[in-house]
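A.B. asks: Pasting a structure here, questions to come.
The values are calculated or read from the model by the stated rules, or taken from the named source; none is laboratory data. All values reported here derive from a predicted model rather than from experimental measurement. In this analysis, Cβ positions are derived from the backbone assuming ideal geometry, glycine residues included, and neighbour counts consider all displayed protein chains.
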Amino acid sequence: MTLLQTLWLLTAILLGLALLLWFALLATHSMESRRAKKTARYHERWLDRLLPVIDDEEALKTLPLPKRREEMEAVIGLLRELGERFRGSYSHSITLVLDQIGAARFGCRLLESRWPSQRIRGAALLAWCGTTGESTRGLEHALDDRDPRVRLEAAMGLARKQLIRDPERVLRALCRDRAAHSLIARDVFRVWGETETADWSKLLKRQWPEYGWVLLLEAAGAAGRAEWVPLIVARLRHPSRLVVRTALTALEAIGDPLGTEAARKACLHSDYAVRRQAAKTLAACGRLDECGATLMELLEDPAFEVRRRALRSLLELGGKNLLTGKTPADDWQRELFVEAGLIAPETT
Amino acid sequence: MTQWLHGSGFATFLWTVGAIILTLQGLQNVIYLLQLGRAVPEFLRARRRASRLREWWLLSSENTPPVTLLVPGYNEEATIVESVRSLLTLQYPEIEIVVVNDGSKDGTLARLIEAFELQPVRRALPHRVDHQPVLGLYGTPRLPGLLVVDKKNGGKADALNAALDLAKHPLVCAVDADSLLDADALLKAVRPFIDEPESTAAVGGTIRVANGCVVKAGQVLEVRAPSGWVELFQAVEYIRAFLMARMAWTRSQTVTIISGAFGIFHRERLLEMGGYSHGTVGEDMELVVRLHRHAHEQNEPIQVWHVPDPVCWTEAPDTLKLLARQRTRWQRGLCETLWRHRSMIGSPKYGAIGMSALPQFLLFDVVTPVLELLGLLLVPLCTFAGIFSVEFLLAYCLIVFVFGICISLFSFVLAEFSLRRFKRPRDLWLMALGAIVENFGYRQLNSAWRVLGIWQFLKKKQGWGDMQRKGFQKPAA
């Protein structure tokens, strides 16, 4: 076959494929329009049923079960819209409706889909449903999913429902891959830390990978238990700057004076973000007589943001007297003093 | 004459040039096809990221990173107040808006002061990046997140640097004052920073053509295909060349362009690198290339993403004259960036950026347009003169036109499958028509403008040129 013949063949195949895809798009578009009309009809029908129930005018049991998958999808979509429109006012009623129409079972079925996007939706739906054995089991089962986003969604659902019974399992599920890097993972542990009443400090005594520590320290900060400060302070020696920063944030959240000395030492850390957080932590934990000098030193830090934070911490601790009348050492200090109203802008 | 043509080495020379042109065009098309294949999984990944729950989470979580919007403005008295009002309605938990009046000669500053009842405020200006002197800072207790900076004129990069210097939040988002942002633009674009907060350095949002769309109160309510040919071709091009290529680059982590109209960056990284670069009209591409360069030299791996959701809508030029001005400027910017960072091209030290992304730009965006124009003149002329065979001409037409049509159609269909933006079948047909017709004239014109841009770069032409806009509020087609 000559080069030209090969080219003809190749372009014919490509052109055929492009046309095929084009007609597939048209078909999909038309199907979607039909589906949208059908969904609108379901919405219309179900809105009349749902509003009296959500408003407590009619009994929950009067609601029928959606017969088809598309009907279930439409009702769930409608409930989501109502939830957004009412801005959470009827969230409890909506949860009851979800349980009544069998949304939890539907969510569990979505979790068995081979498509990750469907499984994510399944986990999100279970998190939205009421706390039943079915939804809890589904979410716990999703913690073993192969897709990190499904695990993340399930962990978030469990945390919001205050159903994290085995934090170690959740931690390991998130640390298995990059799911633990997500800020959502940090939120999971923050929410859990805020609500968990049992003593879980034994977890702070074990060895964890870098992101395992980040999540636990986030939870420890949210828990706000002063007796755990020594366990958190120990993490300030960790080689990861992220762990050190999170430990300082936890100390700031707890605000116990025991954290002052460690935060003072962290002001000498090589990473500017750690030093900035240390200055912030000092404002929450320390007293002016303990950390005034350290903060004054930070006013000459090579990083502008550290200086700005140190000045703010000094002012928060009532150290304005230390600064009044002080001649700015350089342009950055002058700029910060003007910003804080310590010197008049005319003198700049 | 014909005998001379055939007898001398001239015919061999023409054959060699013809073969090079054909090979390069073929290679370019193969790479475009491969890029399409690579873009598909990236679309799927972006769809998984984009659940409604996530948007709700972003709005309610304490961990959502605050963002400072950097809004440079020059002589925008007619639109600046509406633009800022529109930015103030963005859905995001914590935003700061730094508007820079870059030495406007009109009443831009006065309009802002009057509309928002601004007063002089005090804010530290550390001068960590180069910019022209700031003449005044204005704010209002009513809108604590709004800061207006009045400074001497220094150009877009200079204005962005001033805003960057004053920004307080960890993420900064550079936006064009004359573009429209979707209300949830930040929520959509910030997602990679949520998933990989430590390694994500920048995220670009997809820019789409607003011409023809139904626009009300600064929001695109319905996406429609433009009615004019020039705008229609651009609408197709924004999908084919910009969206698809950038999704493929995201897959291979070689995104080197984030549009100046909408891009989110890690503020500290920008400050470390000295902010935006002066003296180039392609400051957006230059910044991202420098970001990669800096990361490789510091041995600190970074990720640069492109999100497919159309978050920013721009008014495309509706005349060939304006379009030519825009495209030659873009080409100059590209050439300036490649020249500045020429040591990266082909260097394994810079990974895929040095070995793949930048050489591709050089080959397909600088060399190929020249050869393409040459080919358009040479191949038919030589065929009719009997130097090339008709088969050669046919092969050329197949590669240039039929492959081009296929790629344009593939791109549009894939983008529409993933994003589902057009509601009316009429718009689908119009876009498909645009995808076919753009290959006969528009793409060749584009190559000509590119060549002109290269010429202007070689002549060291500076400046942006005027960009007259008609505004978004005109009745939809």
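A.B. asks: Please find, among B:S418, B:S389, the residue that is surrounded by fewer than 17 Cβ atoms within 10 Å (Cβ to Cβ), polar (S, T, N, Q) and on the phi < 0 side of the Ramachandran plot. It would help to see each step written out before you state the result.
C.D. replies: Details: B:S418 fails: surrounded by fewer than 17 Cβ atoms within 10 Å (Cβ to Cβ).
Selected residue: B:S389, the only one of B:S418, B:S389 that is surrounded by fewer than 17 Cβ atoms within 10 Å (Cβ to Cβ), polar (S, T, N, Q) and on the phi < 0 side of the Ramachandran plot.
A.B. asks: Let me ask something else about it. Checking B:Y276 against (1) surrounded by 24 or more Cβ atoms within 10 Å (Cβ to Cβ); (2) at pLDDT 90 or above; (3) touching a strand residue (DSSP E or B) at 6+ places or on another chain (Cβ under 8 Å): exactly one of these is not met. Which one?
C.D. replies: (3)
A.B. asks: If you don't mind, there's one more thing I want to ask. Among the residues of region B:209-219, are any among the charged types (D, E, K, R) and farther than 28 Å from B:I302 by Cβ?
C.D. replies: Just the residues of region B:209-219 that are among the charged types (D, E, K, R), to begin with: B:216.
Filter once more, so that each one left must be farther than 28 Å from B:I302 by Cβ: B:216.
Scanning region B:209-219, I find at least one residue that is among the charged types (D, E, K, R) and farther than 28 Å from B:I302 by Cβ, so the answer is yes.
Residue-wise test of (1) of a type outside the set (G, A, S); (2) closer than 19 Å to B:G274 by Cα; (3) more than 14 Å from chain A (Cβ to nearest Cβ).
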position: B:W57; (1), (2), (3): yes, no, no
position: B:V99; (1), (2), (3): yes, no, yes
position: B:D106; (1), (2), (3): yes, no, yes
position: B:H127; (1), (2), (3): yes, yes, no
position: B:K152; (1), (2), (3): yes, no, yes
position: B:G155; (1), (2), (3): no, yes, yes
position: B:L160; (1), (2), (3): yes, yes, yes
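A.B. asks: Could you pull out every one of the helices (runs of 4 or more DSSP H) wholly within region A:128-187 that has 2 or more residues that are away from chain B (no Cβ under 14 Å) and small (G, A, S)? Before the answer, list the steps.
C.D. replies: Numbers: elements: A:133-142, A:148-160, A:167-175.
Hits in region A:128-187: A:133-142.
A.B. asks: Still on this model: Output the helices (runs of 4 or more DSSP H) that fall wholly within region A:276-348 and possess 1 or more residues being over 24 Å from A:L258 (Cα atoms) and within 10 Å of chain B (Cβ to nearest Cβ), or say none.
C.D. replies: Correct list: A:304-316, A:331-339.
A.B. asks: Looking only at region B:101-118, filter to residues that are farther than 13 Å from B:D150 by Cβ and not charged (D, E, K, R); which one of those is surrounded by the fewest Cβ atoms within 10 Å (Cβ to Cβ)?
C.D. replies: B:A115
A.B. asks: Follow-up. Residues of region B:428-439 being within 20 Å of A:R35 (Cβ to Cβ) and more than 10 Å from chain A (Cβ to nearest Cβ), which ones?
C.D. replies: None - no residue of region B:428-439 is within 20 Å of A:R35 (Cβ to Cβ) and more than 10 Å from chain A (Cβ to nearest Cβ), so the list stays empty.
A.B. asks: Something else now. I'd like the residue in region B:375-416 that is at the interface with chain A (Cβ under 8 Å from one of its Cβ atoms) and farther than 30 Å from B:W429 by Cβ and, out of all such residues, is nearest to the chain's Cα centre (by Cα).
C.D. replies: B:A395
A.B. asks: How many of the residues in region B:162-188 are over 26 Å from B:M273 (Cα atoms) and of a type in the set (K, R)?
C.D. replies: 1
A.B. asks: Tell me yes or no: at least one residue of region A:65-77 is in contact with a helix residue (DSSP H, G or I) (Cβ under 6 Å, 6 or more places away or on another chain), more than 9 Å from chain B (Cβ to nearest Cβ), surrounded by fewer than 17 Cβ atoms within 10 Å (Cβ to Cβ) and not in a helix (DSSP H, G or I).
C.D. replies: Scanning region A:65-77 turns up no residue that is in contact with a helix residue (DSSP H, G or I) (Cβ under 6 Å, 6 or more places away or on another chain), more than 9 Å from chain B (Cβ to nearest Cβ), surrounded by fewer than 17 Cβ atoms within 10 Å (Cβ to Cβ) and not in a helix (DSSP H, G or I).
A.B. asks: Just one of B:R251, B:R246 is away from chain A (no Cβ under 14 Å), over 30 Å from A:R309 (Cβ atoms), crowded, with 21+ Cβ neighbours inside 10 Å and out of contact with any Ser or Thr (no Cβ under 6 Å at 6 or more places or on another chain); which is it? If you could, list the steps in order and put the result at the bottom.
C.D. replies: Values: B:R251 fails: crowded, with 21+ Cβ neighbours inside 10 Å.
None of the other options fit; the residue is B:R246.
A.B. asks: Being hydrophobic (A, V, I, L, M, F, W, C) and in contact with an Asp or Glu (Cβ under 6 Å, 6 or more places away or on another chain) is the filter; apply it to region B:231-241 and report the residue that is farthest from B:F422 (Cα to Cα). So that I can check it myself, show each step before the final result.
C.D. replies: The initial filter retains those residues of region B:231-241 that are hydrophobic (A, V, I, L, M, F, W, C), namely B:232-233, B:235-236, B:239, B:241.
Then drop every residue that is not in contact with an Asp or Glu (Cβ under 6 Å, 6 or more places away or on another chain), which leaves B:233, B:236.
Working: B:F233: 16, B:V236: 13 Å.
Ranking the qualifying residues of region B:231-241, first place goes to B:F233.
Residues are listed down the side, and each one gets a yes or a no for (1) among the aromatic types (F, W, Y); (2) part of a helix (DSSP H, G or I):
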{"position": "B:V17", "(1), (2)": "no, yes"}
{"position": "B:L27", "(1), (2)": "no, yes"}
{"position": "B:Y32", "(1), (2)": "yes, yes"}
{"position": "B:R38", "(1), (2)": "no, yes"}
{"position": "B:R45", "(1), (2)": "no, yes"}
{"position": "B:P93", "(1), (2)": "no, no"}
